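Presented below is the structure to which this report refers.
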Amino acid sequence: MTSLILRAATRFMLPLLLLFSVLLLLRGHNEPGGGFSGGLVAAAAIVLYSFAFGVDDTRRALAVEPRTLIGAGLLVALGSGVLGLLVGRPLMTGLWHDVVVPGFGPLALGTPLLFDLGVYLVVVGITSSIILALEEE
């Protein structure tokens, strides 16, 4: 049985950690951060949840098997590299597209962000699968 204090703190910290991990992901191609560090923070949030509520509740809360996250992340990262080939450029060429976001103005989105998203999903999937497997033992 886990502590009531740990459960209460986890309910407060989990959304903050996940939000911080997304912030790290989004700023990663211009400043320190990116898919790897953002993925580690998200995995730390999942580990905290599993310590507070147990492995079974964590698997239900994830709603996606960690191996699925790994596969999806690999496909997204590979797809970001192949997009350059589709437009006649070398593999892993950075392509950019300006998107106008209402209330924020223009936002430059590119394939490096897609690659970081793939890395993010792979790191979350691998770390979660390792930690959940260790906790089940």
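The figures follow:
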| item | result |
| --- | --- |
| Qualifying residue in the stretch 113-129 (condition: at negative phi and either in contact with a strand residue (DSSP E or B) (Cβ under 8 Å, 6 or more places away or on another chain) or at pLDDT below 90 (or both)) | yes |
| Residue match in the stretch 88-110 (condition: in contact (Cβ under 8 Å) with a residue 24 or more places away in the chain, surrounded by fewer than 18 Cβ atoms within 10 Å (Cβ to Cβ) and part of a helix (DSSP H, G or I)) | no |
| Selection from the stretch 111-137 of residues that are without any contact (Cβ under 8 Å) to a residue 24 or more places away in the chain and either within 20 Å of the chain's Cα centre (by Cα) or not in a helix (DSSP H, G or I) (or both) | ILE130, ALA133, GLU137 |
| Checking LEU23 against (1) closer than 27 Å to ALA133 by Cα; (2) at pLDDT 90 or above, the condition it does not meet | (1) |
| Subset of the stretch 45-59 [open to solvent by 50 Å² or more (accessible area, probe 1.4 Å) and either in contact with a Leu (Cβ under 8 Å, 6 or more places away or on another chain) or over 15 Å from ALA133 (Cα atoms) (or both)] | TYR49, PHE51, ARG59 |
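The values are calculated or read from the model by the stated rules, or taken from the named source; none is laboratory data. Remember, predicted model here, so these are calculated numbers, not experimental data. Cβ sites come from the backbone with ideal geometry, for glycine too, and all protein chains shown count toward neighbours. What goes into the accessible areas is simple: the full protein's heavy atoms, side chains included, and nothing from ligands, DNA or RNA. Shrake-Rupley method; radii C 1.70, N 1.55, O 1.52, S 1.80 Å.
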